[in-house]
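Have a look at the structure below before the remarks.
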Amino acid sequence: MPVHQFVQDSTLLEKGLANYCGYNTIGFLAPHNAYSAYGDRGSQVQEFKSMVKSMHAAGIEVILDVVYNHTAEGNHLGPTLSMKGIDNAAYYRLVDDDKQYYMDYTGTGNSLNAGHPHSLQLIMDSLRYWVTEMHVDGFRFDLAAALAREFYEVDRLATFFELVQQDPVVSQVKLIAEPWDVGPGGYQVGNFPPQWTEWNGAYRDTVRDFWRGEPSLGEFASRLSGSSDLYEHSGRRPVASVNFVTAHDGFTLRDLVSYNEKHNDANGEDNNDGESHNRSWNHGVEGPTDDPEILGARAREQRNFIATLLLSQGVPMLLHGDELSRTQHGNNNTYAQDSEISWVHWDEADKPLIEFTAAVARLRAEHPTFRRKRFFTGNTVRTGDGERLNDIVWLGLDGQPMEDGDWEGGKAIGMYLNGDGIAGKDARGGTITDDHFLLYFNADGPTQATLPSEEYAAAWDVVIDTGGDADADPTVQAGATFDLTTHTLVVLREHAEPETAPDHSVAASLAARSGTETS
């Protein structure tokens, strides 16, 4: 959420509500005073610096959510708080033939005039301040397409991006775009400059569609493998894709699998606010239920989403509380809910889901095959036994590579990741290798999958099965058939015999000594 100084919306205050998210900025060079624990007359600056220093000491980077696309002054009916009174035409985009009105590409009443030198200077001064004085590590730009509008069109080479590119400070930190706004032509996923990473909205939509049973297998495969179709043409790498399934301005993960429709009545807008097309699935009942089958299906689906997200190529972004099974009771627009609807209820945390999330995150961290720095090439590489296979192979449930006709109409797919096909070098210049992995994604009913032949691996160990039992840890031979339960994700790693732990006991020392003396 943003930390810039913001003010409350009068329309919310009149309803007895408050701006919870803070997307109502009025001061780009000040931390929000109400977030300070020690005072609001400058002490919040020192407090923020101390927070960043503590985060860095713990190995955590700080990336700010910044809102430079609009301000709290709103449209022609809004208050005059700052820039309206200084130079209205310089700071805001106005309607050409009637300049008392504002162009609104943000849904908030106004749009900052990012093509004017004074507005650009303000934005750049703000960015440099937060890097040089507050020591943050990067920025996520809210509705970043609005900053790219030259006149009325979205232009990827807009002045703002040229300034960022040449700036010796800002160009060196992490730059993340929310690559859309609400104006015409505003959806710009894949079109930002090379040094930028992007919230990949195409990933979100495709993965949601897959797990609700409306998959496009080709699109799903592209998103799993890093979205090279969106980013490779500009010379970017998989890290350009910030993958996500849920975010702060939508359903939580638990609500995504529990509601077909939004339930935003508490916001006081007759449920007209918020996204209506959520690509969600309630599994048979809208909202809370005591039905054990539905509860089990929802719990499994949450695990499917988390594992898909964490094991896709790119940078995973997990919404806070999704690992806890946090609910907002179907409200997908809690910007006005500083209430129990949006608060985290720690005493209701789903601890097994937390452990599952940690296990999958640990798998990703331990295996570079899930964190490849370059896109797959489709070229053959050795598997370690003299055989040659592609760095990635898409498999049908029959264990054979997918053919052209197999991509239409299916709801299940296998993915082979060749641990000997990881492009790039490690920090010491050495070759990066890993185990081979198989992943099966089944968005259909119960079915069976046949493992590929021995050239992939002689046997496989099941390391994740979202539809299986906690104690299940089978080893499956090449070519064998195993069950895929309804809506499940299975991860298999090439089988390796466990290493024998060395015996360092007193008895071992005595035995060794006895053997030496006997000889």
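The values are calculated or read from the model by the stated rules, or taken from the named source; none is laboratory data. These numbers come from a predicted model, not from an experiment. Here Cβ is always computed from backbone atoms with ideal geometry, including for glycine, and neighbour counts include all displayed protein chains. With ligands, DNA and RNA removed, areas are computed over all heavy atoms of the protein, side chains included. Shrake-Rupley method; radii C 1.70, N 1.55, O 1.52, S 1.80 Å.
Computing FRET efficiency as 1/(1 + (r/R0)^6) for Thr481 and Lys174, where r is the C-beta to C-beta distance and R0 is 56 Å, gives about 0.80. In the chain, Cα pairs under 8 Å separated by at least six residues give a relative contact order of 10 percent. Ranking Ser216, Ser312 from most to least accessible surface, computed with a 1.4 Å probe over the protein chains only, gives Ser216, Ser312. Among the helices of the chain, those built from whole DSSP H runs whose Cα atoms reach 15 Å or more along their own axis and whose mean Kyte-Doolittle hydropathy is at least -0.5 are 43-57, 117-132, 292-310, 351-366, 506-518.
For the chain, the number of Lys pairs with C-alpha atoms closer than 24 Å, counting only pairs eight or more positions apart or on separate chains, is 7. Full extension of the chain between Met1 and Leu29 gives 8.5 nm of extra length, using 0.36 nm per residue less the Cα-Cα distance. In this view, the solvent-accessible surface of His116, computed with a 1.4 Å probe and all protein chains in place, comes to about 50 Å². The modelled label-to-label distance for the pair Glu275/Ala427, using points 7 Å beyond Cα in the direction of Cβ, is 3.7 nm. A simple count of charges around Gln313, restricted to other residues whose Cβ falls under 14 Å of its Cβ and scoring Lys, Arg +1 and Asp, Glu -1, yields +4. Please report how far the C-alpha centroid of the range 312-374 lies from that of the range 25-45, rounded to the nearest whole angstrom. The distance from the Cα centre of the range 312-374 to that of the range 25-45 comes to 28 Å. A cut-off under 11 angstrom between Cβ atoms defines the neighbours of Gly250, and their net charge, with Lys, Arg +1 and Asp, Glu -1, is +1.
Calculated FRET efficiency, Ala58 to Asp96, Cβ-Cβ distance, R0 = 41 Å: about 0.20 to the nearest 0.05. Under a 5 Å amide H cut-off, with hydrogens placed 1.01 Å from N, Arg149 pairs with Asp155 among residues at least 5 apart or on other chains. For the range 313-357, GluC sites (Glu not before Pro) are listed when DSSP marks them as loop and at most 14 other Cβ atoms sit within 10 Å of their Cβ; the list is Glu340.
The label-point distance for Thr289 and Ser82, in a model that sets each label 7 Å from Cα toward Cβ, rounds to 4.8 nm.
Near the amide H of Leu143, within less than 5 Å, lie the amide hydrogens of Glu178, Trp180, all on another chain or at least 5 residues away, with H placed in the peptide plane. Largest accessible area first, the residues Leu17, Leu510 order themselves as Leu510, Leu17 under a 1.4 Å probe with ligands, DNA and RNA left out.
Using 0.36 nm per residue and subtracting the Cα-Cα separation, the extra length available between Ala361 and Arg513 on full extension is 50.2 nm.
Net charge of the neighbourhood of Leu395, taken over other residues with C-beta under 13 Å away and scored Lys/Arg +1, Asp/Glu -1, is -4. Among Lys49, Lys373, Lys15, Lys262, the order of accessible area from largest down is Lys373, Lys15, Lys49, Lys262, computed with a 1.4 Å probe on protein heavy atoms.
Loop-located trypsin sites (Lys or Arg not before Pro) across the range 393-466 with a Cβ neighbour count of 10 or fewer within 10 Å are Arg428, with loop assigned by DSSP.
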